[in-house]
Amino acid sequence: MTILYTILVGFFIGLIARALKPGDDRMGLLATTLFGVAGALIAKYTGEWMHWYSADEPVGFIASVLGAIVLLTVFALVRPKRTQRDPTND
């Protein structure tokens with residue numbers, strides 16, 4: 001049940017992060033969920049490393065969204081740009 005809860009919360013975190021981050025993030029539901037879960041994990045371990053909270057405390061929702069936004073931004077910078085095809089040259 002914990003894994004299902006993590007996936008569901010990660011999906012909503014990914015949706016919120018994609019809505020708040022400017023730009024066009026073309027990705028499916030699976031990628032949105034993975035970015036949300038990964039953002040939550042990054043926020044959790046960064047907060048523990050910085051001693052903002054201990055290991056037994058839940059990570060904050062806002063910190064999770066910020067972690068997912070950071071991941072989406074890095075992904076947008078690393079991903080190769082798509083080129084537009086000119087239909088007049090066909």
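General remarks:
- Verdict on Ile42 being out of contact with any His (no Cβ under 7 Å at 6 or more places or on another chain) and surrounded by fewer than 16 Cβ atoms within 10 Å (Cβ to Cβ): no
- Residues within segment 11-46 that are in contact with a Leu (Cβ under 7 Å, 6 or more places away or on another chain), over 19 Å from Pro58 (Cβ atoms) and of a type outside the set (Asp, Glu), tallied: 4
- Pair list, Cβ < 6 Å and 6+ apart or interchain, from segment 5-20 residues that are surrounded by 15 or more Cβ atoms within 10 Å (Cβ to Cβ) to residues that are not in a helix (DSSP H, G or I): Arg18/Asp25
- Checking each residue in segment 28-51 for being of a type outside the set (D, E, K, R) and over 16 Å from Val70 (Cβ atoms) picks out Gly28, Leu29, Leu30, Thr33, His51.
- Among the residues of segment 75-87, none qualifies, meaning not one is among the small types (Gly, Ala, Ser) and either surrounded by 15 or more Cβ atoms within 10 Å (Cβ to Cβ) or at pLDDT below 80 (or both).
- Checking Arg18 against (1) among the basic types (Lys, Arg); (2) over 10 Å from the mean Cα position of the chain (by Cα); (3) not in a loop (DSSP other than H, G, I, E, B), the condition it does not meet: (2)
- Gly39 on the phi < 0 side of the Ramachandran plot, at pLDDT 85 or above and touching a Phe, Trp or Tyr at 6+ places or on another chain (Cβ under 6 Å): no
- Residues that are in a helix (DSSP H, G or I) and touching a helix residue (DSSP H, G or I) at 6+ places or on another chain (Cβ under 7 Å), drawn from segment 55-69: Ala63, Ser64, Val65, Leu66, Gly67, Ala68, Ile69
- Residues being modelled with pLDDT of 85 or more and either surrounded by 20 or more Cβ atoms within 10 Å (Cβ to Cβ) or touching an Asp or Glu at 6+ places or on another chain (Cβ under 9 Å) (or both) - total across segment 48-68: 4
The values are calculated or read from the model by the stated rules, or taken from the named source; none is laboratory data. This structure is a prediction, so every number in the text was calculated from the model and none was measured. Positions of Cβ are backbone-derived with ideal geometry, glycine not excepted, and every protein chain shown enters the neighbour counts.
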